[in-house]
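Heads up, the thing below is written out as structure tokens.
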Amino acid sequence: MRDRRMSRGARRAREFESFVAGAAGRLLHTATLLTGEAPDANPRARRLLSLALAHTYARWDRLLGEDPYDSARQHLATRFARATWHQRGPLCHARRPSARNPLAALAPRERLILVLRLYEGVAEEQAAALLGLPVERVRTICDRATATLLHPTHPPTLPTKAGQR
């Protein structure tokens with residue numbers, strides 16, 4: 001009995017390690033896009049990824065045919081949403097996102113929906129269900145965020161007085 005339990009634990013660990021080897025890079029990139037940090041300096045994104053992977057590992061035996069990537073991504077998104085929308089925890093939006101990240105100009109909710117919809121390819125209905133929002137609201141936020149990225153507003157230049165430079 002004990003040997004069977006140990007072999008099941010070893011098999012579970014090997015399966016999870018192989019999942020992490022294949023999915024961690026993309027999940028880290030997703031977390032980095034969500035937090036708005038620079039790709040080479042992303043401690044909040046790494047913390048977010050660690051929490052999502054720990055949650056996925058804890059649920060590993062109960063996934064029962066579900067895609068572990070979807071489970072990890074869902075936890076990543078909901079953890080980010082809770083931390084930013086309620087302004088608490090280590091993942092909160094305490095610092096400004098990096099100017100090197102093209103999504104830095106967006107609000108956290110806009111980044112979340114844009115990353116889910118365009119980078120991760122999650123359907124509007126799934127994103128709406130995940131975030132507890134109406135589908136129309138997800139569509140509106142995604143459209144507005146896309147427009148912001150495609151047509152950024154430049155800060156107005158101050159007029160100079162005649163003869164001054």
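The values are calculated or read from the model by the stated rules, or taken from the named source; none is laboratory data. Note that the coordinates shown come from a computational prediction; the quantities given were computed from them, not determined experimentally. Here the Cβ positions follow ideal geometry from the backbone for every residue, glycine too, while neighbour counts run over all protein chains shown. For the accessible areas, the whole protein counts, side chains as well, though only heavy atoms, and no ligand, DNA or RNA atoms are used. Shrake-Rupley method; radii C 1.70, N 1.55, O 1.52, S 1.80 Å.
Here are the numbers for the structure shown:
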item: Separation of the residue 78 and residue 148 label points, Cα + 7 Å toward Cβ, nm; result: 2.5
item: Estimated FRET transfer efficiency (residue 16, residue 104; beta-carbon r; R0 35 Å; 0.05); result: 0.60
item: Neighbour net charge for residue 112 - beta-carbon separation under 12 angstrom, K R +1, D E -1; result: +4
item: Heavy-atom accessible area per residue - the range 26-71, 1.4 Å, Å²; result: 48
item: Label point distance in nm, residue 136-residue 59, each placed 7 Å from Cα along Cα→Cβ; result: 3.0
item: Mean Cβ neighbour count within 10 Å, used as a protection proxy, ranking 53-66, 23-36 highest first; result: 23-36, 53-66
item: Cα gyration tensor shape of the range 109-153, rounded if a/c is under 1.5, else prolate or oblate by comparing a/b with b/c; result: prolate
